[in-house]
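Novice: Quick one: the structure is below, and I'll ask about it shortly.
Read the figures in this text as sums done on the coordinates, not as results from a lab. This is a predicted model, so every value here is computed, not measured. Cβ atoms come from the backbone with ideal geometry, glycine included; neighbour counts cover every protein chain shown.
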Amino acid sequence: MRIPTHHSPGRPTWLEIDLSAIAHNFHVARQTVGPTCGLYPVIKANAYGLGALPIAKTLTAAGAQGFCVAMVEEAIPLRAGGIDLPIVLLSGFIPGLERQVIALDLEPVVFDLDAARRLSHLRASTAPPIPVHVKIDTGMGRVGFDPNQLPEVIAELQKLPGIRLHSILSHLARADETEGVQTTREQLNRLEQAVAPFRQEVRLSLANSAGLLGSPATRLDWVRPGIMLYGASPFYPLRTWQEDHLRPVVRWLTHVLSIRQVPAGTPLGYGHEFVTRRESRIALLPVGYADGYGRMLKGRARILTHGRSAPVVGRISMDLTLTDVTGIPEVKAGSRVTLLGADGEEFIGIEEMADWMDTIPYEVLCRFGPRLPRHHLPYIP
Ligand SMILES: Cc1ncc(COP(=O)(O)O)c(C=O)c1O
């Protein structure tokens, strides 16, 4: 069901997040991995900027087995909001946060034994053991034990009271690239060889969205999809969301604040970098780099209004952006403007915006500023 789009009082610029589209993308993941593989959506960084709690509720209703966050504090609003599925803590925890890890009932990823010892030390002997996930570095070159250390690591962990080894995981470095096939194969081989002696005792996880969709052998016991749930193909620019049967999730909307008619030769905005070449109608938009509409969009971005496209002109400032709407005479103060998403036949995707910003769709999402209201269109299972 779609509810009418509206904006919150005081802020005419907002994000609209379609929870039904997220549920659809989750079902694509479910159909791809089959019924027995565990699906633990990655909802770190406030679900890539889109609002972790409503998304976690949607994904719980859609059948997620658990969630992944990066940091301890990201789990607090989830637990406070009633999410009681397992939460895996992907980036571990610094000394001093053990009590929070325990109180929030988190399942930490461990990549040094001291972290496991600190937890074990604090876990009451009467409480059930804390499930931990051991990370090994099979080729990402970032975090994790050397696969050769695994027998000692497991032996050490088994001596620690209050800790239970739940799974062994690793992270793919190049599963999104055509040339990455060999690396992915090597990573999978290293993981499988390292865990062979313990295969009956632990569960294995390797796949992110790219592994899940593109490298079936990496699906193993449970998977950690992120970006695909938010409507972008992990393979972009090789593949688009349409080819991966995903649905766009986010629209970014605003309203024209005011319109000015200016003569040819008028310099506009900071640095006078843009000068009108003809008499122009310029629409002022209440959005800027403080909202994640970055300065690098200058001279590249376009917006949609009244079903048509208009270029952004001049430098983008903290709270304001200018657009040349000379060709769209219907535009007036209050007209609705789409920065991302569809307006009639026109569409701006996060992929297009990422290209303008010389970055990847992940970063477009993560740059949405905290002052942008997030309106979630409900998911009704
Ligand atoms: C350890 C780990 N697993 C899974 C993911 C999800 O990746 P993606 O958004 O590409 O699906 C991430 C995100 O960066 C991650 O750090």
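Novice: How about segment 321-345: which of its residues are under 12 Å from Leu285 (Cβ atoms) and polar (S, T, N, Q)?
Specialist: The answer is Thr321, Thr323, Ser335, Thr338.
Novice: In contact with a helix residue (DSSP H, G or I) (Cβ under 6 Å, 6 or more places away or on another chain), surrounded by fewer than 18 Cβ atoms within 10 Å (Cβ to Cβ), farther than 30 Å from Ala56 by Cα and not β-branched (Val, Ile, Thr): is that true of Arg277 in this structure?
Specialist: No: the conditions fail for Arg277.
Novice: Here are the criteria: (1) farther than 17 Å from Leu90 by Cα; (2) within 13 Å of the ligand (Cβ to nearest atom); (3) part of a helix (DSSP H, G or I). Tell me which single one Leu50 does not satisfy.
Specialist: The one condition Leu50 does not meet is (3).
Novice: If I filter segment 154-173 for residues that are touching a Ser or Thr at 6+ places or on another chain (Cβ under 8 Å), in a loop (DSSP other than H, G, I, E, B), touching a residue at least 24 places away in the same chain (Cβ under 8 Å) and loosely packed, with under 14 Cβ neighbours inside 10 Å, do I get at least one hit?
Specialist: Yes.
Novice: Restricted to segment 29-47, and to residues that are among the hydroxyl-bearing types (Ser, Thr, Tyr) and in a loop (DSSP other than H, G, I, E, B), which residue is farthest from the ligand (Cβ to nearest atom)?
Specialist: Taking the candidates together, the pick is Thr36.
Novice: While we're looking at this one, here's another question. One residue is enough: does segment 218-230 have a residue meeting the conditions without any contact (Cβ under 8 Å) to a residue 60 or more places away in the chain and part of a loop (DSSP other than H, G, I, E, B)?
Specialist: No, segment 218-230 contains no residue that is without any contact (Cβ under 8 Å) to a residue 60 or more places away in the chain and part of a loop (DSSP other than H, G, I, E, B).
Novice: May I pose another question? If you scan segment 191-212, which residues turn out to be in a helix (DSSP H, G or I), more than 16 Å from the ligand (Cβ to nearest atom) and of a type outside the set (Asp, Glu)?
Specialist: If the condition is that a residue be in a helix (DSSP H, G or I), more than 16 Å from the ligand (Cβ to nearest atom) and of a type outside the set (Asp, Glu), then Gln193, Ala194, Val195, Ala196, Pro197, Phe198 are the ones that fit.
Novice: Under 7 Å by Cβ, and 6 or more places apart or on different chains, what pairs join a residue from segment 27-46 that is crowded, with 16+ Cβ neighbours inside 10 Å with one that is among the acidic types (Asp, Glu)?
Specialist: Cys37/Asp221; Gly38/Asp221; Lys44/Glu74
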